Amino acid sequence: MKLLSWISLVFFIILVFLSGNSFASPYISLSVPAHIYPGDSIEARVNVSEIKNLQMSLYRIDDPENYILESNKEYFFSVDTWRPKRPLNEQEKWQNLKFSFFQSLRGIASKVLSPNLKQSLKDILGIEGPIPARPIEITSDDYHRDSSLLKNWLQEIRYSKESTYTYQAITLNPLQEGVYLLTATGGGKEARVIFSVTRLSLISKVDQSQLVVFVQDRKSGQILENVRIRLLEDNQVVNEGVTNSDGLWLKTDLNQKEMTIIAQLDKEYAFMNVYPYYFDDHSKLDVFIYTDRPLYKPGQRVYFKSLLREKLATSYIMPPSGEKVKAVLSDYRDNTYASAELVSDQHGNVSSWFDLPMSLEEGEYLIKLSWKNRDFYRMVSIENYEKPSFETEVKTEKKIYANREHVTVEIQANYYSGQPLTPGTFRYQILRYPMYDWRYGLQSEMVEENTGTLDENGEAEITFIPEVEGNAYWYDVQVGVFDAAYRGVQKNAQIKVLMGDFALVLKSDRYFVGVNHDLHYTVEAFDAEEQKVDVGKVYATIYLLTWDKEKENWAESSVKLFSFEIINGKADIHFAMEKPGYYRLECQTRDGKGNTITALDTFYVTGPEFYLPATGVELHLDKKEYKVGETANILVVPPVAEEFPHLFTIEGEKIHQIEVKSTVKGPYQVSLPVTQDYILGCYVTLSTFYNGNYYSESIQIPINPEKNLQVKISTDKEVYLPQEKGKLKVMIVGSDSLPRQCDFSIAIVDQAIFDMSWLWWEKIFDHYYQNVYNKVYTQSSWYEYFYGQGETVQNVHPQFKGDGRGGAEEPTVRKYFPDTLLWMPHLETNQQGEAEIEFTCPDNLASWRVEVKANTVDEFGESVINFKTSSPFAFRVELPQFLSQGDTIQTQMTLWNEYRQQKVQLEAQTGSELKIGTYPREVVIDTNQNLVIPLQFQALQAGLPFVRMYARGEVAGDAIEVTQNIKPRGIEIDQLSTAFVSNSQGRLDFAYQPEMFNHPPQVECILYRNLNGVFYQIMEDMYYYPYGCTEQTSSRIISLLSLPLPDNLEWTKTVPREIQEGIYQLYSLQHYDGGWGWWNLDDSNVFNTSHALLSLIQAREKGYLVSDNSILQAKSYLMNVSNNDLAPWEKAMSYYALKQAGEKITDLTSFEIDKRLQAMDVKELAWLGLVAQGDTQQRLL
């Protein structure tokens, strides 16, 4: 046994001594909202550790302009980074000289000097106490300059029994307009923040060429003119001016730097940072990177292709051929594993490949492509995966059923080669929930749950009779299918159950119209066979919906009655409403059995005095999609009936239009002609301050650019034999149905790879025309706050399969089993838009996914089909990823036979490292039989032996060859032990069996001063990890807030700023529906929304100012999201997040718990255990 080394241990102890601070050193941080409205109390938040009392001081800054401008600021809102613009005095210079000298000797002194000599050296240099972490730059007096002391008081700090860390809120009485300094001193440290008492509130919008600042009174919403605006870059004023009569100030010709806005009106000040996220000389560049597949093993080859485009105002152009780009394969820490210098072709594209090292660890990696000093990324996943060996289909005869009609759900499980899965079992649940009602959300209920067994054909049926009343219902049948090794595949089938024998469907071409404007509906009747039916007379009622403030619910009154007949399954109805409002159309009839059939829809009628209650701003479009030349009508619904001043913009690639609506009342309509300028992204955005709240809402105008390439793929056969040649035909036409001569790529990949991968597979057309985001960045002073940190005053296993072919003659040994069959990145169609590709099937018996991605200069499209490689006589053997020397495993080989009954001779051959147990040398297999034969292997010694298996039948035969990895016994045994050191002694116990090792084991011992040291090491790893997406950003915030941070570690000094940046990052990633996805371009989901909400709540609890509006939107998303597609643990996680946000969870009853308790997994139990209380919690525990 060998310790790390005594030198390392001594170095660690000396380093702790020299630092002079333990991990439990005193700590202070202050935070306060940057802007306080006059008359409001001020709430400051203080985080403290190891300090019993704080000396608090409040100052009024007499000359805010000089105080702010005459300081160098590393980060404007982090006051501890401010440094005055003044020269150091002689004493300060001498202290800094001593500091620099000692720092240069510190590394040597820590290793060679005794404690007495080190202390003597500190005495000679005049250093008392701990060595300072940085040279003197500022003193406490510098912060108090040009200010008047208003108040001093002693703040007692209370701790819980279990913690030396606490957070407290300090409330100050209202103050007059002005800028103030608040300090907290204790434990030899002082933390400082400033704040402004002001009516001023700022909203900024910035694109690549201009900055717009809008100034209002935060409570009244009044637009403020003649407000002085100064723009700071690198602590210098670079531009200034005053707001106009619309409260606007504009600046063009922007530099690509972070900016700070200072607004001033008499004694009132407001501040805001502007982040130039989209400022980039090459922001017009666009690169789409894709690979042949999303998942790889170490040692495999990654194929990729990249499309290079430059974005104009209304389209894309192709760069000239010969563009130089660099491609790199790296991890998230910028470690490079492969690189290539590439040159673009005549189509503006590049392609290449990277060979993955065998030693590469599992995880997520990046393909980074650098073009003209800009980087673009594509994620790939590396994993020692086990491909699923079978696929499952769950289907019903049709998608729509009548009430009480018999439903049969068919389950079919096959190996990817087409042979049935046998033996096999399944579990299923049947859930149902009502189709969406205009006033209620979705609530699912369990109808049935059971298990079953697949037959010899891999098939099974589930039957049930649905019964509904008062509403049509969705029924969701969720099935999990398992093979003999209990490897599972989950699928589901969904059906609609009608109220009776048929259903009514309402379709309108508009979601809202004006008063006395004609509104058209098409009413169709379909039976359960989806055939149109005549139903005779239908009665229609239109209800006016008004909001009852006392009951907080909608009240409805009938305002129009009429009837019509549905002939040939269809009727057209027209009507106009004389009053503006929110309406519901309800159509009702009966079927032949007396069941009531109902259909309903809601619509708006706009006009004077139109009012809709809203907790926030609502924006509604009149259509789902628009084309260039059409007009988009937007209904704007403010949250109040009175005048609601706001900033209204049309934006996307840039700010297209900007208008201040100063006198509008209630809902109003805006008409926007859709032009070519909006193809690459158009958003309607409303921003304002009103009644002390910040409102910001945006909606994308969905525009069909008619740039989609239609790709059709066909094969000459649906099923091929191994090593058989095949042909693919590709035909590509544009949205005008004319053929396109264009570039395309083709990838043929094992479908199992895609079935097991979780990576988002972005479509090429969506990348260029659908997933376009708003490049105008909107910010407000609502989120700003000042803070200050106290400164010293001074694996899965692969599965090998034997699926093959053969005959009565000696079978060909199958040994070529690729995951990617074909990758051809640069192909072209002819003038007829056609191309033909030949391929040779490998030895895999599998389902193959054929994907074609096509592109012209500005048109894009793709398509996917599948074909299979199979054999009427197939042989398969199941082997693990590796064995250890001495292991014995029981596995199986499987024969599938579609020929007549035949005798089959079996033979197995292996290398000397592997021994095969006894097995039958001859078997008889019937027609369409799946014969399972037990088989035993014993690993004799380390190596990579071959395993060759023969099945020689009277009619057909098959043979396969694979390799089996055998590792030396004990080579990867890893034990982790922990112990506490007491009285200079500690003990670590571990098991050591000499016969398991072929060399002496190595033991590494790491000493930590306390448990915090362990946690801080982990937190430091989290701090330096390059976070970006929602999940990563939320994890970073939560981890950095989990413990009080010591100030003797260099990385902890900027943690408050990093947390603040993380909070801003979450604001920018939050979607308009209030939720979060992984990024700002995908759909919201419950996991990321719950995770982000928890991080914001924890930040707020630790003293950081967090937007209430952001939290309210997140809560609204979680409370209104459909539960239909949620995993149970996701729903449970959302419950916990909502509970932490102050919501009462009413669904978590003992009855609901008892219904699901047996089916809960550990994640759902854990989350619900945190949410539940009393008896319900005890049931879970």
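The values are calculated or read from the model by the stated rules, or taken from the named source; none is laboratory data. All figures in this text were calculated on a predicted structure; none of them were measured in a lab. Neighbour counts are summed over all protein chains in view; Cβ atoms, including those assigned to glycine, are modelled from backbone coordinates with ideal geometry.
What strands (runs of 3 or more DSSP E) completely inside segment 545-609 contain at least 1 residues that are loosely packed, with under 13 Cβ neighbours inside 10 Å and more than 38 Å from the chain's Cα centre (by Cα)? Give the derivation first.
Numbers: elements: 553-566, 570-575, 581-590, 596-606.
Ranges flagged: 553-566, 570-575, 596-606.
Checking each residue in segment 141-166 for being of a type outside the set (Val, Ile, Thr), surrounded by 14 or more Cβ atoms within 10 Å (Cβ to Cβ) and under 39 Å from the mean Cα position of the chain (by Cα) picks out TYR159, TYR165.
Among the residues of segment 461-500, count how many are among the acidic types (Asp, Glu) and under 19 Å from GLY592 (Cα atoms). The total comes to 2. Would you confirm whether or not segment 13-31 contains a residue that is crowded, with 21+ Cβ neighbours inside 10 Å, touching an Asp or Glu at 6+ places or on another chain (Cβ under 9 Å), modelled with pLDDT under 85 and in a strand (DSSP E or B)? Yes, some residue in segment 13-31 is crowded, with 21+ Cβ neighbours inside 10 Å, touching an Asp or Glu at 6+ places or on another chain (Cβ under 9 Å), modelled with pLDDT under 85 and in a strand (DSSP E or B). Would you check which residues across segment 1068-1082 are hydrophobic (A, V, I, L, M, F, W, C) and outside any loop (DSSP other than H, G, I, E, B) and list them? Hits for segment 1068-1082 are LEU1069, TRP1076.
Kindly indicate whether LEU935 is touching an Asp or Glu at 6+ places or on another chain (Cβ under 9 Å), surrounded by 16 or more Cβ atoms within 10 Å (Cβ to Cβ) and modelled with pLDDT of 85 or more. Full working, then the answer.
Working: touching an Asp or Glu at 6+ places or on another chain (Cβ under 9 Å): yes; surrounded by 16 or more Cβ atoms within 10 Å (Cβ to Cβ): yes; modelled with pLDDT of 85 or more: yes.
So LEU935 passes the test.
May I ask you to list the residues in segment 1083-1138 that are within 30 Å of ILE430 (Cβ to Cβ), hydrophobic (A, V, I, L, M, F, W, C) and not in a helix (DSSP H, G or I)? Selection gives VAL1121, LEU1126, ALA1127.
Find the residue count for segment 1026-1055, including only residues that are in contact with a strand residue (DSSP E or B) (Cβ under 6 Å, 6 or more places away or on another chain) and modelled with pLDDT of 80 or more.
First pass over segment 1026-1055, keeping only residues in contact with a strand residue (DSSP E or B) (Cβ under 6 Å, 6 or more places away or on another chain): 1030, 1044.
Going one step further and asking which of them are modelled with pLDDT of 80 or more, we end up with 1030.
Total meeting the criteria: 1.
Considering the conditions (1) more than 32 Å from the chain's Cα centre (by Cα); (2) modelled with pLDDT of 90 or more, TYR415 is excluded by exactly one of them, (2).
Select from segment 918-962 the residues that are more than 16 Å from THR894 (Cα to Cα), touching a strand residue (DSSP E or B) at 6+ places or on another chain (Cβ under 6 Å) and outside any strand (DSSP E or B) and list them in ascending order. Break it down stepwise before answering.
First pass over segment 918-962, keeping only residues more than 16 Å from THR894 (Cα to Cα): 938-946, 954-955.
Those still in the list that are touching a strand residue (DSSP E or B) at 6+ places or on another chain (Cβ under 6 Å) too: 938-940, 942-946, 954-955.
The answer is LEU940, ALA942, LEU944, PRO945, GLU954, VAL955.
For segment 872-893, how many residues are of a type outside the set (Phe, Trp, Tyr) and at pLDDT 90 or above?
Filtering segment 872-893 for residues of a type outside the set (Phe, Trp, Tyr) gives 872, 874, 876-881, 883-893.
So of that shortlist, the ones also at pLDDT 90 or above come out as 872.
Counting residues in segment 872-893 that are of a type outside the set (Phe, Trp, Tyr) and at pLDDT 90 or above gives 1.
Across segment 653-678, the qualifying residues are those that are crowded, with 21+ Cβ neighbours inside 10 Å and at pLDDT below 90, and the one among them that is farthest from LYS623 (Cα to Cα) is GLU653.
Let's see how each residue does on (1) crowded, with 17+ Cβ neighbours inside 10 Å; (2) out of contact with any Ser or Thr (no Cβ under 8 Å at 6 or more places or on another chain); (3) assigned by TED's automatic domain parsing to the domain that holds GLY592; (4) at pLDDT below 90:
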position: VAL468; (1), (2), (3), (4): yes, yes, no, yes
position: TYR475; (1), (2), (3), (4): yes, yes, no, no
position: ALA485; (1), (2), (3), (4): no, yes, no, yes
position: VAL489; (1), (2), (3), (4): yes, no, no, yes
position: LEU504; (1), (2), (3), (4): yes, no, no, no
position: PHE512; (1), (2), (3), (4): yes, no, no, yes
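The set of residues from segment 831-852 being assigned to a strand (DSSP E or B) and under 13 Å from VAL749 (Cβ atoms) comprises PHE839, SER847, TRP848, ARG849, VAL850, GLU851, VAL852. With respect to the conditions (1) modelled with pLDDT under 90; (2) surrounded by fewer than 16 Cβ atoms within 10 Å (Cβ to Cβ), PRO920 falls short on a single one, namely (1). Taken together, ARG228, ARG218 contain a single residue that is within 25 Å of PRO33 (Cβ to Cβ) and touching a Phe, Trp or Tyr at 6+ places or on another chain (Cβ under 7 Å), which is ARG218.
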